[in-house]
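To start, the structure under review is shown below, and the notes come after it.
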Amino acid sequence: MGERVTVIFTAEGRVSPAVYLHSGGCPDAVYALLEELDRQQAHQDAFFECGRFVAIAGALNAPGYGYVGVAPGPEAITPEALVQVQTDWGQYGFFVVHREAGRTRVRRFVEVEAGDPAGETGGRGGRGQGRWLRELSAREVAAERRREYTAEARDRWGRKFNAVFAVSESSHGYTQRVPYIRARVLGM
């Protein structure tokens, strides 16, 4: 079925649409995309950041990479609300990226089997028939990032981004990264 994950952004009480990544939606890809968002300084609000995330993931959407989709986001960030999001969040569950006051917090929700002693909350289709989520602790998220987003992965993703994005000077005097196709169209 491919590597699948759903990413949601929150800021100032707002929740973005849900972004679905398939065949490339693994933790190292999400951490790399978030790092590229940082490089592009796309932090105005949850919706703008979500849009830029979709654009970056879409720019990488070459044959063999995967697919990007967008669905309505949840009403709230709880396991009960997340399981209602109409994406196939698959083996890697949800990344909820919260930015406020220059700080970033990533919350992770992963699927567990009904009756799993690690804890279950939420569900689709009723208890025992549906899908269940558990929120990872901050320590587990940090460990996942260290395990999945290694120096080798960071270097591999850096090469992919450098192959897709050109650096250009904006009309406002700051450097920005734009997709090469846009750079060619604009004559950069």
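The values are calculated or read from the model by the stated rules, or taken from the named source; none is laboratory data. Everything quoted here is computed from the prediction, not taken from an experiment. Please note: Cβ atoms are built from the backbone with ideal geometry, for glycine as well, and neighbour counts cover all protein chains shown.
Go over the candidates 102, 13, 90 one by one and state the one that is buried (at least 16 other Cβ atoms within 10 Å of the Cβ) and either more than 28 Å from residue 132 (Cα to Cα) or more than 13 Å from the chain's Cα centre (by Cα) (or both).
Within the list 102, 13, 90, the selection yields 90.
Within segment 77-106, the residues that satisfy the criterion of being closer than 17 Å to residue 26 by Cβ and small (Gly, Ala, Ser) are 90, 93.
Selection of first residues in segment 31-50 that are modelled with pLDDT of 85 or more and in a helix (DSSP H, G or I) and of second residues that are exposed (fewer than 15 other Cβ atoms within 10 Å of the Cβ) and among the aromatic types (Phe, Trp, Tyr), restricted to Cβ pairs under 7 Å at least 6 apart or on distinct chains, gives an empty result. Looking across 112, 106, one residue alone is in contact with a strand residue (DSSP E or B) (Cβ under 9 Å, 6 or more places away or on another chain), at pLDDT 65 or above and under 17 Å from residue 77 (Cα atoms). It is 106.
If you take the residues in segment 13-30 that are touching a residue at least 60 places away in the same chain (Cβ under 8 Å) and not in a strand (DSSP E or B), which one is nearest to residue 160 (Cα to Cα)? This residue is 29.
Is it the case that residue 97 is more than 21 Å from residue 138 (Cα to Cα) and part of a strand (DSSP E or B)? For residue 97, the condition - more than 21 Å from residue 138 (Cα to Cα) and part of a strand (DSSP E or B) - is not met. Taking the numbered list (1) closer than 25 Å to residue 152 by Cβ; (2) not in a loop (DSSP other than H, G, I, E, B) in turn, residue 10 passes all entries but (1).
Looking only at residues of segment 1-30 that are of a type in the set (Gly, Ala, Ser) and within 17 Å of residue 141 (Cα to Cα), we find that the one that is modelled with the highest pLDDT is 29.
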